[in-house]
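S.K.: Okay, here's the structure, questions in a sec.
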Amino acid sequence: MPQASNTRIHDAQATKVEPCTPEQFDLEAYMDYEQQRHEKCKIFWQTESGVLVYRRMRVKEVFASGCQNMEESLAWQLGGLQKSLKYKSDIPNFLEPWYGIGTIASAFGIDYIWPENQAPTIDGPFNNCIEALEYVPTPVENTRIGQHTLNMIDYFLDKNKGKIPLSLADSQSPFNIAGHIVDTTNLMVDILTHPVEVKKLLNRIAGLAIDFSDKQLDLLENSVVWPGHGFPSSRYFKGMGMSDDNMLMISGDQYLDICADSVIKYGKPFHGTAFHSCGDWSNRLNSIRQIENLKMVDGAFSEETDPKPNPAEEFKILANSGIVLNARIVGSADTVAKKVKELWTPGLKLIVTTYCQTPKEQTEAYDRIHEICES
């Protein structure tokens, strides 16, 4: 029987780490670690098929109240990077100047609500897309959240001397962002009753997101890695990472008709897009893979990763497409190997993201993944 998701765990994909101050962090060791993996990442991105392994260091404190304080966030993340040196992996971890979903929504006058010891939340104030379109948005960099994010990037760069890779702040799809701005139920109704207005709002959101991404890139320069938040990322990869859990509430055809243009617009300045959704989104895969210049898709593939993971067989359709599949697999080396066997087919471009608890188990998983895909 597969190991079920443990609902008592706050974050099943998280790794327990100890915070590390910039002064304590072994910067030279991490620079060497990243440099040793550059060539593998570069070659993988340029080829049509292959496999890489990414041992993700997701630190749960950063995804809760710890994201509010830049000093604490950096210390937790540096602790994760320090620990990652012990685990066998092809792709280095990176820093994220993360401040929670809703950053772009701040352009519409929306500020965060901070429940005690929790990640921030927001409450979309507009009843429908028509109301939201009547609002004149503020550039994100002029909002409190936007300013904090840019200050956070400055702080991270200063403390690591610009040597550690950083991603942009957590990026969401225009459709996800719209759900932070407009009452979600009414947003779904608007798709049926006011599709023109919905598309107009999504494209406006994409423009705001592009502008704020450019402001971040002015600071990040050569430190930036892609696709960013939630994705295995590298200085050699391309595309803007986008989370789009709202996608599951509409059909694939509706997504292509209403949402795809704004996704393409948002990704175009950044050489394409990378797509993530939680849960089982396999019945939307055929639609999502039609998005122009799609570079990567991400999904959960074990019960410990997500209560409703994706069926592996459906994703073999990505073989010979050049689209990278990032398969997140929480579980033992046996679980990882079993899922990789189900996924792998010649022509697939696969990244396996693992969360093995010990370096020994990670080494076993790493070796078995490469053996399965390269034999």
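S.K.: Any idea what the relative contact order of the chain is, in percent, if you count C-alpha pairs under 8 Å spaced at least 6 apart?
M.R.: Working: 761 pairs, mean separation 71.5, N = 375.
After rounding, I find 19 percent.
S.K.: Next question. What number does the chain give for Rg over Rh if you use C-alpha atoms and the Kirkwood radius?
M.R.: When Rh is taken as the Kirkwood radius, the ratio is 0.95.
S.K.: Would you mind ranking Lys159, Lys86 so that the residue whose beta carbon has the fewest other beta carbons within 10 Å leads the list? Could you put the intermediate results ahead of the total?
M.R.: Details: Lys159 20, Lys86 13.
Ranking Lys159, Lys86 by Cβ neighbours within 10 Å, fewest first, gives Lys86, Lys159.
S.K.: Two decimals is fine: what's Rg over Rh for segment 20-167, C-alpha atoms, Kirkwood radius as Rh?
M.R.: Numbers: Rg = 18.4 Å, Rh = 17.4 Å.
Rg/Rh for segment 20-167 comes to 1.06.
S.K.: Still on this structure, please answer the following. Going by how many other beta carbons lie within 10 Å of each one, how would you line up Met31, Met247, fewest first? The partial results should precede the final answer.
M.R.: Details: Met31 15, Met247 24.
Least to most surrounded, the residues fall as Met31, Met247.
S.K.: In the chain, which longest range has no GluC sites (Glu not before Pro) that are both DSSP loop (not H, G, I, E or B) and surrounded by at most 14 other Cβ atoms within 10 Å? Each step should come with its number before you reach the end.
M.R.: Details: sites that count: Glu23, Glu48, Glu116, Glu292.
That would be 117-291.
S.K.: How do Arg204, Arg289, Arg55 rank when sorted from fewest to most other Cβ atoms within 10 Å of their own Cβ? Walk me through the numbers before you get to the answer.
M.R.: Working: Arg204 19, Arg289 15, Arg55 26.
Going from sparsest to densest Cβ surroundings: Arg289, Arg204, Arg55.
S.K.: Mind checking which lysines have their Cα closer than 27 Å to the Cα of Lys316? Skip sequence neighbours fewer than 8 apart in that chain.
M.R.: Once the sequence-local lysines are set aside, what remains near Lys316 is Lys40, Lys42, Lys88, Lys238, Lys268, Lys295, Lys308, Lys338, Lys339, Lys341, Lys349.
S.K.: Now a separate question. Hey, got the dipole for segment 235-323? About the Cα centre, +1 on K and R Cβ, -1 on D and E Cβ, debye to the nearest 20? Please list the in-between numbers first.
M.R.: Values: 9 positive and 13 negative charges, 112 e Å.
Approximately 540 debye in magnitude.
S.K.: I'd like the Karplus ³J(HN,Hα) series for segment 54-65: coefficients 6.51, -1.76, 1.60, θ = phi - 60°, whole numbers in Hz, and an x wherever there's a Gly or Pro.
M.R.: Karplus-based 3J(HN,Hα) across segment 54-65 equals 10, 9, 6, 9, 8, 9, 4, 4, 6, 8, 10, 5 Hz.
S.K.: Can you give me the relative contact order of segment 74-219 as a percent, contacts being Cα pairs under 8 Å and 6 or more apart? It would help to have the intermediate numbers written out before the result.
M.R.: Working: 172 pairs, mean separation 46.2, N = 146.
Across segment 74-219, relative contact order equals 32 percent.
All of the numbers you see were taken from the coordinates with simple rules; none came from a lab. Worth saying up front: this structure is predicted, and the values here are computed from it rather than measured. Glycine gets a Cβ as well: all are built from the backbone with ideal geometry, and neighbour counts include every protein chain shown.
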